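What follows is a short report on a single structure.
The values are calculated or read from the model by the stated rules, or taken from the named source; none is laboratory data. Computed from a predicted model, the values in this text were never measured in an experiment. Virtual Cβ from ideal backbone geometry, glycine too; neighbours counted across all protein chains shown. With ligands, DNA and RNA removed, areas are computed over all heavy atoms of the protein, side chains included. Shrake-Rupley method; radii C 1.70, N 1.55, O 1.52, S 1.80 Å.
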Amino acid sequence: MIISIASGKGGTGKTLVSTNLAQTIGYQAQILDCDVEEPNSHLFLKPEIFETREVIAPVPEIDTEKCTHCKKCMDICRFGAIAVVAKSVVTFPELCHSCGGCTAVCPENAVKEKKRSLGVIQEGWIKTSRVNGTADPGKEKRIKFVHGLMDIGQVMAPPIIRQVRTYTDPEKINIIDAPPGTSCPVITSMKGADLVVLVTEPTPFGLHDLTLAVEAVKLLGIPHGIIINRAGMGNDDVKAYAQREDIPILMEIPFDRRIAEAYSRGELIVSALPEYREKFSGLLERIKEIAEKRNSVQ
Ligand code: SF4
Ligand code: SF4
């Protein structure tokens, strides 16, 4: 099962939901942090990283001896990553999507490919005893952790997100912490999910960005539900919207100073406030119900 935790804007509590849900599920879960510009689930789950792998992508390099300035490479590039100006060819690696089109069309075989680093993928383990305080002396049951870290100055998040998603384990409950917003990186993080959980807050900004996120999820045809974080601090417009659109509200997390304090200390709320373990168990059950219902009609 793949559960993508997303939100129309940052700071709504997406990571809070992802990390606490993973902790509640335990070793049957694995967490894939796809918020590669600013991953922070590791701050709460504190994994022991055992592998770091570079993510590289091919970008064009022009052999000026062979180039005849025919402009075919520029014409095929949809991303403006290559330009022929007078008698020179200029490449913009940060715009390149590594599609290989320019190499394929060059009649002079003047486009070579060189490797460019985009960031890294890190894999780690979270001991369940460390996470939920219940030691399991007989067996070492651990939660798999994977996150992507984009290099500073890079703008191409989707290739790193796709790499993180290759770690999806069909035997596990895969929790994807998606980037905020509704752009390409978010779509890459939601595609193929069994359910998208949209975390929002009950404010006009929260509602505005939620409606954009809902439109994106609907286009992808993925079942979805809403979590209202900091419930009680704003108004009821999100609830009214959910009712109108027939979107289930999966959970409400109250506006509670104790949660903010635990979060600011880098603690999981299901550890700091054990009564939340039951709430997150209930969330998982609701997610399973919706996903099973969808599978039964397909
Ligand atoms: S397609 Fe090849 S020959 Fe033509 S401008 Fe590009 S690099 Fe030069
Ligand atoms: S590889 Fe594709 S995206 Fe990159 S410069 Fe060539 S045509 Fe453009």
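For S7, the conditions (1) farther than 27 Å from A262 by Cα; (2) open to solvent by less than 50 Å² (accessible area, probe 1.4 Å); (3) among the hydroxyl-bearing types (S, T, Y) are fulfilled apart from (1).
Scanning segment 243-264 for any residue that is aromatic (F, W, Y), surrounded by 14 or more Cβ atoms within 10 Å (Cβ to Cβ) and under 30 Å from S296 (Cα atoms) turns up nothing.
Would you confirm whether or not segment 140-159 contains a residue that is on the phi > 0 side of the Ramachandran plot, in a strand (DSSP E or B), at pLDDT 90 or above and not polar (S, T, N, Q)? Among the residues of segment 140-159, not one is on the phi > 0 side of the Ramachandran plot, in a strand (DSSP E or B), at pLDDT 90 or above and not polar (S, T, N, Q), which makes the answer no. Based on this model, can you work out whether K115 counts as open to solvent by 10 Å² or more (accessible area, probe 1.4 Å) and at pLDDT below 90? Answer is no for this residue.
Answer yes if at least one residue in segment 226-246 is under 16 Å from I3 (Cβ atoms) and at pLDDT 90 or above, and no otherwise. Yes.
Checking each residue in segment 225-240 for being closer than 25 Å to I176 by Cβ and out of contact with any Leu (no Cβ under 6 Å at 6 or more places or on another chain) picks out I228, N229, R230, A231. Of the residues making up segment 51-96, those that are small (G, A, S) and under 30 Å from L149 (Cα atoms) are A57, G80, A81, A83. Among the numbered conditions (1) more than 30 Å from K9 (Cβ to Cβ); (2) among the polar types (S, T, N, Q); (3) at pLDDT below 95; (4) away from ligand 2 (no atom under 16 Å from the Cβ), the only one that N40 does not meet is (1).
Figure legend. Inter-residue proximity from segment 260-274: first residues under 10 Å from L43 (Cα atoms), second residues open to solvent by 60 Å² or more (accessible area, probe 1.4 Å), beta-carbon distance below 9 Å, spacing 6+ or different chains. Indicated pairs: G266/L43; G266/K46; E267/E261. Listed here are the helices (runs of 4 or more DSSP H) enclosed by segment 10-111 that have at least 1 residues being more than 16 Å from ligand 1 (Cβ to nearest atom) and surrounded by 14 or more Cβ atoms within 10 Å (Cβ to Cβ): 14-25, 41-45.
Close contacts from segment 68-84, counting a first residue that is at negative phi and a second that is within 8 Å of ligand 1 (Cβ to nearest atom) and part of a loop (DSSP other than H, G, I, E, B), with Cβ to Cβ under 6 Å and a gap of 6+ residues or different chains, come to T68/E108; C73/C106; V84/H69; V84/K71.
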